[in-house]
Amino acid sequence: MSRVPLPYNPKILELFRNPKNLGRMEDATVTAVAGNPACGDMITFYLKINDQDVIERASFESYGCAANIATSSIVTEMVKGMKLEEAWKITWKSVVEAVGGLPSVKFHCGILAVGALKRAIRTYYKRKDFSPDWLQKEPSFEEKQALEEEELAKILSKRMKMEEEK
Ligand code: FES
């Protein structure tokens, strides 16, 4: 069976080949993971935040696909210099737009990237034991989706193990 290549636009392919801000950040203020290693779709986000709650630097590590790498890369570029409140407003739709569109089967890759960003912001305030007004109590759409994917991956890997043990 031959696999049909996905119709990625040139911008995604370029970001995939030359991603910006790829790599671990040793002096990160906060780190967040989204996805599940069992299915390979996993991202780690690193943010360096200053005393004014401004993101000075952002980087990522990804074991996801081209769409995941491209969207993570663009998110790290978008948030640079932003206040956390502003970065919180980034949605997966705006990220998909920023990469020039994604095939719909790849939307979840962009959702995971934004989910990781929002988790990092939430973790930052949790650690400070402070919740600004703009930080919604309920998980955002992207955080919820990331959680769902992780739950699904857990169930699948449990099932696979059970099959192996039969
Ligand atoms: S990160 Fe899961 S297919 Fe892209």
Self-check item: Calculated on alpha-carbon atoms, Rg and Dmax of segment 65-137 in Å
Solution: 12.8, 39
Quiz prompt | Hits among lysines - C-alpha to C-alpha of K93 under 23 Å, sequence gap 8 or more where chains match | solution = K11, K20, K80, K83, K106, K118, K137, K144
Exercise. Calculate how steeply helix 66-79 sits against the longest principal axis of the alpha-carbon atoms of the chain, using the helix alpha-carbon long axis, and give the answer as 0 to 90 degrees to the nearest 10.
Key: 0 degrees
Practice problem: Kindly provide log₁₀ I(q)/I(0) values, in the same order as q = 0.09 Å⁻¹, from the Debye equation applied to equal alpha-carbon scatterers of the chain. | Solution: -0.31
Practice problem: On a 0 to 90° scale, report how tilted helix 141-165 is relative to the longest principal axis of the chain, with both axes built from alpha carbons and the result rounded to the nearest 10. | Solution: 40 degrees
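Order these peptides, 78-84, 109-115, 15-21, by their mean beta-carbon neighbour count within 10 angstrom, highest first. Don't jump to the answer; show the numbers that get you there.
On the way: 78-84: 17.6, 109-115: 28.6, 15-21: 15.9.
In descending order of packing, they fall as 109-115, 78-84, 15-21.
Order 148-155, 95-102 from most to least packed using the mean count of other Cβ atoms within 10 Å. Please report the intermediate quantities before stating the final value.
Numbers: 148-155: 14.8, 95-102: 18.9.
So the order, starting with the most tightly packed, is 95-102, 148-155.
Using Cα pairs closer than 8 Å and at least 6 residues apart in sequence, work out the relative contact order for the chain, in percent. The partial results should precede the final answer.
Numbers: 261 pairs, mean separation 40.5, N = 166.
So the answer I get is 24 percent.
Cβ under 12 Å from R159's Cβ, R159 left aside: what net charge do those residues give with Lys, Arg +1 and Asp, Glu -1?
Values: positive: K154, K158, K161, K166; negative: E163, E164, E165.
So the environment of R159 carries a net charge of +1.
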Quiz item: Which Cα, out of T91, F107, M160, lies furthest along the positive dipole direction of the chain (beta carbon charges, K/R +1, D/E -1)?
Solution: M160
Exercise. Among DSSP beta bridges lying fully in the chain, give the percent that are antiparallel, nearest 5.
Key: 95 percent
Self-check item: C-alpha long axis of helix 107-128 to longest principal axis of the chain, angle in °
Solution: 40 degrees
Quiz item: Leaving out same-chain residues fewer than 8 places away, which aspartates and glutamates sit with a Cα under 18 Å from that of K158?
Solution: D41, E148, E149, E150
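Since every read-out is calculated from the coordinates, none of them should be taken as a lab result. Quick caveat: nothing in here was measured; it's all calculated off a predicted structure. Positions of Cβ are backbone-derived with ideal geometry, glycine not excepted, and every protein chain shown enters the neighbour counts.
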